[in-house]
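Notes follow once the structure below has been shown.
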Amino acid sequence: MADEDFDLVVIGGGPGGYVAAIRAAQLGMKTAVVEREHLGGICLNWGCIPTKALLRSSEINHLLHHLSDFGFAADNIRYDLPAVVKRSRAVAKQLVSGVGHLLKKNKVSVFDGAGRLAGRHTVAVQKGNAKVAQLKAPHIILATGARARQLPGLESDGKLIWSYKEAMVPEQMPKSLLVVGSGAIGIEFASFFRNMGAEVTVVEVLDRVLPVEDAEISGFARKAFEKQGIKILTSAAVKGAKKGDGTVTASVESGGKTHEIVVDRVISAVGIVGNVEDVGLDGTSVKIARTHVEIDEYCRTGEPGVYAIGDLCGPPWLAHKASHEGVVCVEKIAGLNDVHPIDWTNIPGCTYCRPQVASVGLTEARAKEQGHEVKVGRFPFIGNGKAIAMGEPEGMVKVVFDGKTGALLGAHMCGAEVTEMIQGFAIARTLETTETELMHTVFPHPTVSETMHEAVLDAYGRAIHF
């Protein structure tokens, strides 16, 4: 059994863990990563990356069935589902291989096995029943991620009731599908399967879809989804499911009444649970709240020398948030004097459905709750030349400013490629930009990004094109 000393040991090789390790190595720290399954974590293997490959295929399928809108014609349009899935897996494999190369390039030691705290400044690495290494380090970062939450009676069986893993590698396309949960994961799957031709129903226990988004954007997105034929039931709950021969009968309670929905498959997408078990937290001062580790603005836990990042901690549960936390955490450990504490409101959120949804900062409701006197601007894609030329006129941008200081409090978008555009507002938030700088910024024409400028102008009664 190997017994080695390091400056830093990271347990978990996902987008938080491997980025933290690389940054530590750049800063001259002798670093190790312990990964029990696949480098890249859920994000690269079963989350962000392969789902985007699937969604890209579904977008193409949608466009192929609307060729006449662009002056084209084609007969016998069809897709090869195994080939669609194969491409998605190949994209994931390529990027996972790249992570291994980056770690090797930066001279990060990688240990294959499950890591757990085994006393002060010690990590034990176990593979199966064998202990393969004991690592010593004054600093240990927990980056063990999270897993899908299972609802009683809706536990995934890999056949009729799917988790995200089964939903990404379907052997055949279901004719009908029930998605339980309308967060980013649920809505992305609903969008993929609907664009591929399945009849989709979404059930959400809260009163609107994409509940973390601004209420106005949530309502706009819902109308777009329903226009596509997705059936949405809000303020509803799945109370049970009976498995049949190739179908599932779900009991859905809504408005005090219960009715049954028969579908080929069910996808459960009702949140995540932090992987806090078997990490050696017993007997430490690490605090856990609702299965997630509590941290401060520099990712420090209550246990000296132990840190936590990514999905293991609180929301937002996003890969880029995990990576950012990893960098901030390591730079603070290294003693850099320009490390800024993490402001989670500056982390953009993206949902890659059709139309896309993206946001950063405070919603209008949250801004008012915090006592801000707000100025709100809106601009629709129908007033944007590039969006119309692209055949994507369905969308809107909404911005929220502090009426007294002009500070940009939040930005919320729904439409084509808004997940690429939101970074402009994220930069503005980071730079503490006011409406004045945004108004003076020259946006290129013709671009969809002009909707961002117009929304800012609208907040102050100066919109030009609508």
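The values are calculated or read from the model by the stated rules, or taken from the named source; none is laboratory data. What you are looking at is a predicted structure, and each value in this text was computed from that prediction instead of being measured. Here Cβ is always computed from backbone atoms with ideal geometry, including for glycine, and neighbour counts include all displayed protein chains. Note: areas computed on protein heavy atoms with side chains; ligands, DNA, RNA excluded. Shrake-Rupley method; radii C 1.70, N 1.55, O 1.52, S 1.80 Å.
All of (1) open to solvent by less than 40 Å² (accessible area, probe 1.4 Å); (2) over 28 Å from Arg366 (Cα atoms); (3) out of contact with any strand residue (DSSP E or B) (no Cβ under 7 Å at 6 or more places or on another chain) hold for Gly197 with one exception: (1).
Within the range 142-154, the residues that satisfy the criterion of being outside any strand (DSSP E or B) and in contact (Cβ under 8 Å) with a residue 24 or more places away in the chain are Ala143, Thr144, Gly145, Arg149, Gln150, Leu151, Gly153, Leu154. Residue count for the range 208-233 satisfying the condition of being assigned to a loop (DSSP other than H, G, I, E, B) and under 21 Å from the mean Cα position of the chain (by Cα): 7. Residue pairs whose Cβ atoms lie under 7 Å apart, sitting 6 or more positions apart in sequence or on different chains, and linking a residue in the range 75-104 that is on the phi < 0 side of the Ramachandran plot and without any contact (Cβ under 8 Å) to a residue 24 or more places away in the chain to a partner that is open to solvent by 30 Å² or more (accessible area, probe 1.4 Å) and assigned to a helix (DSSP H, G or I), are Ile77/Leu64. Residues in the range 168-190 that are assigned to a loop (DSSP other than H, G, I, E, B) and of a type in the set (Gly, Ala, Ser): Gly181, Ser182, Gly183.
For the range 224-251, filtered to residues that are among the charged types (D, E, K, R) and out of contact with any Ser or Thr (no Cβ under 9 Å at 6 or more places or on another chain), the residue that is nearest to Val209 (Cα to Cα) is Glu226. Of the residues making up the range 286-318, those that are under 19 Å from Thr122 (Cβ atoms) and open to solvent by 60 Å² or more (accessible area, probe 1.4 Å) are Arg300, Pro304. Scanning the range 273-312 for residues that are in a strand (DSSP E or B) and in contact with a helix residue (DSSP H, G or I) (Cβ under 6 Å, 6 or more places away or on another chain) returns Gly274, Val293, Tyr307. The set of residues in the range 451-466 being open to solvent by 40 Å² or more (accessible area, probe 1.4 Å) and of a type in the set (A, V, I, L, M, F, W, C) consists of Ile464, Phe466.
Among the residues of the range 173-183, is there at least one that is under 19 Å from the mean Cα position of the chain (by Cα), crowded, with 23+ Cβ neighbours inside 10 Å, touching a residue at least 12 places away in the same chain (Cβ under 8 Å) and at positive phi? Looking through the range 173-183, at least one residue is under 19 Å from the mean Cα position of the chain (by Cα), crowded, with 23+ Cβ neighbours inside 10 Å, touching a residue at least 12 places away in the same chain (Cβ under 8 Å) and at positive phi. Per the listing Lys159, Lys165, the residue uniquely part of a loop (DSSP other than H, G, I, E, B) and either closer than 30 Å to Lys239 by Cβ or without any contact (Cβ under 8 Å) to a residue 24 or more places away in the chain (or both) is Lys159.
Each row is one residue, and each column tells you yes or no for (1) of a type in the set (Ser, Thr, Tyr); (2) open to solvent by less than 70 Å² (accessible area, probe 1.4 Å); (3) closer than 18 Å to Val34 by Cβ.
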| site | (1), (2), (3) |
| --- | --- |
| Val85 | no, yes, no |
| Lys93 | no, no, no |
| Lys107 | no, no, yes |
| Leu117 | no, yes, yes |
| Gln134 | no, yes, yes |
| Ile141 | no, yes, yes |
| Arg149 | no, no, no |
| Lys159 | no, no, no |
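Is there a residue being among the acidic types (Asp, Glu), crowded, with 20+ Cβ neighbours inside 10 Å and in contact (Cβ under 8 Å) with a residue 60 or more places away in the chain anywhere in the range 259-278? So far as the range 259-278 goes, no, none of its residues is among the acidic types (Asp, Glu), crowded, with 20+ Cβ neighbours inside 10 Å and in contact (Cβ under 8 Å) with a residue 60 or more places away in the chain.
Of all the residues in the range 428-450, those that are under 28 Å from the mean Cα position of the chain (by Cα), surrounded by fewer than 13 Cβ atoms within 10 Å (Cβ to Cβ) and without any contact (Cβ under 8 Å) to a residue 24 or more places away in the chain number 1. Residues in the range 138-158 that are modelled with pLDDT of 95 or more and not aliphatic (A, V, I, L, M) were compared, and the one that is farthest from Val212 (Cα to Cα) is Pro138. With respect to the conditions (1) at pLDDT below 95; (2) open to solvent by 20 Å² or more (accessible area, probe 1.4 Å), Asp112 falls short on a single one, namely (1). One residue stands out in the range 209-226 among those that are open to solvent by 40 Å² or more (accessible area, probe 1.4 Å) and in contact (Cβ under 8 Å) with a residue 60 or more places away in the chain: the one that is farthest from Ser268 (Cα to Cα), namely Glu216. Within the range 319-350, restricting attention to residues that are among the aliphatic types (A, V, I, L, M), within 15 Å of the chain's Cα centre (by Cα) and open to solvent by 20 Å² or more (accessible area, probe 1.4 Å), the residue that is nearest to Gly17 (Cα to Cα) is Ala319.
The rows are residues; the columns are (1) crowded, with 23+ Cβ neighbours inside 10 Å; (2) under 16 Å from the mean Cα position of the chain (by Cα).
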| residue | (1), (2) |
| --- | --- |
| Tyr352 | no, yes |
| Gly371 | no, no |
| Val376 | no, no |
| Gly383 | no, no |
| Ala387 | yes, no |
| Val397 | yes, no |
| Ala407 | no, no |
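In the range 189-208, the residues that are under 10 Å from Lys231 (Cβ atoms) form Cβ pairs under 6 Å with partners that are crowded, with 24+ Cβ neighbours inside 10 Å and among the polar types (S, T, N, Q), at six or more places apart or across chains, as follows: Val202/Ser182.
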